[in-house]
1. Restrict the check to region 54-66 and report whether at least one residue is within 21 Å of residue 170 (Cβ to Cβ) and of a type in the set (Val, Ile, Thr).
2. Does residue 133 meet the test of being within 25 Å of residue 44 (Cβ to Cβ), open to solvent by 80 Å² or more (accessible area, probe 1.4 Å) and in a loop (DSSP other than H, G, I, E, B)?
3. Among the numbered criteria (1) more than 23 Å from residue 15 (Cβ to Cβ); (2) out of contact with any strand residue (DSSP E or B) (no Cβ under 6 Å at 6 or more places or on another chain); (3) of a type in the set (A, V, I, L, M); (4) open to solvent by less than 30 Å² (accessible area, probe 1.4 Å), which one does residue 57 miss?
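The values are calculated or read from the model by the stated rules, or taken from the named source; none is laboratory data. Since we're looking at a predicted model, the values are computed, not measured. Cβ placement follows ideal geometry from the backbone for every residue including glycine, while neighbour counts extend to all protein chains displayed. Heads up: the accessible areas ignore ligands, DNA and RNA and are worked out on the full protein's heavy atoms, side chains in. Shrake-Rupley method; radii C 1.70, N 1.55, O 1.52, S 1.80 Å.
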Amino acid sequence: LAGNGAATADDVRFEMANIGNPKNPADPATGLGRVERTFAISKRSVTIAECVTFLNAVAKKDRHGLYNPLMASDPMIAGIRRDGPGGNDVYSAIEPSGAVQTAAATAGGRPVTYVNWFDVARFANWMSNGQPVGPQGPTTTEDGAYRLDGAVGGTAVPRNLVNPNVGGAPTFYLPTENPWY
């Protein structure tokens, strides 16, 4: 996740690294890395525990497939279980069971897997909207940093300049290739 330097929202918190040197030259070997302005980027990936918090906040009824069943079934990287009757789902972290695990490979501390661009854009919307609790909709996951309107695949949508839910620039968003580089 990247952002304007805001490092926290209610329950999920990120340590951000400030990236300066706007209008820097691109790497001559790749042509990548030029950025127009300063920004902040998370020092680490979104974890299983953070995704569990997100899912429990907005996916009691998972309208847009934020939960992928492979999150529970791949023995090497599985990390999230979904329980409950449809429409009242509850998510929890599960311990790794595949290869020999290090002490750092706890259930919640590992990076989340089996997410796509649209899942992560919804997470960015949720973060930019202050981590609201409620059904997936315009004020939770469908608008904020990105106007998704139910899209779950296809071409990535452009970032909103203004989050319509808070009236300011989105505080969290996905970095494009140049800032990521």
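1. Within region 54-66 (the criterion being within 21 Å of residue 170 (Cβ to Cβ) and of a type in the set (Val, Ile, Thr)), the answer is yes, since at least one residue qualifies.
2. Against the criterion (within 25 Å of residue 44 (Cβ to Cβ), open to solvent by 80 Å² or more (accessible area, probe 1.4 Å) and in a loop (DSSP other than H, G, I, E, B)), residue 133 qualifies.
3. Every condition holds for residue 57 apart from (1).
Rundown of residues vs (1) at pLDDT 95 or above; (2) within 14 Å of the chain's Cα centre (by Cα), yes/no style:
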position: 117; (1), (2): yes, yes
position: 120; (1), (2): yes, yes
position: 129; (1), (2): yes, yes
position: 133; (1), (2): yes, no
position: 142; (1), (2): yes, yes
position: 163; (1), (2): yes, no
position: 168; (1), (2): yes, no
position: 171; (1), (2): no, yes
position: 180; (1), (2): no, no
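Rundown of residues vs (1) within 28 Å of residue 147 (Cα to Cα); (2) open to solvent by 60 Å² or more (accessible area, probe 1.4 Å); (3) at pLDDT 95 or above; (4) not aromatic (Phe, Trp, Tyr), yes/no style:
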{"residue": "8", "(1), (2), (3), (4)": "yes, yes, no, yes"}
{"residue": "11", "(1), (2), (3), (4)": "yes, yes, no, yes"}
{"residue": "35", "(1), (2), (3), (4)": "yes, no, no, yes"}
{"residue": "44", "(1), (2), (3), (4)": "yes, yes, no, yes"}
{"residue": "51", "(1), (2), (3), (4)": "yes, no, yes, yes"}
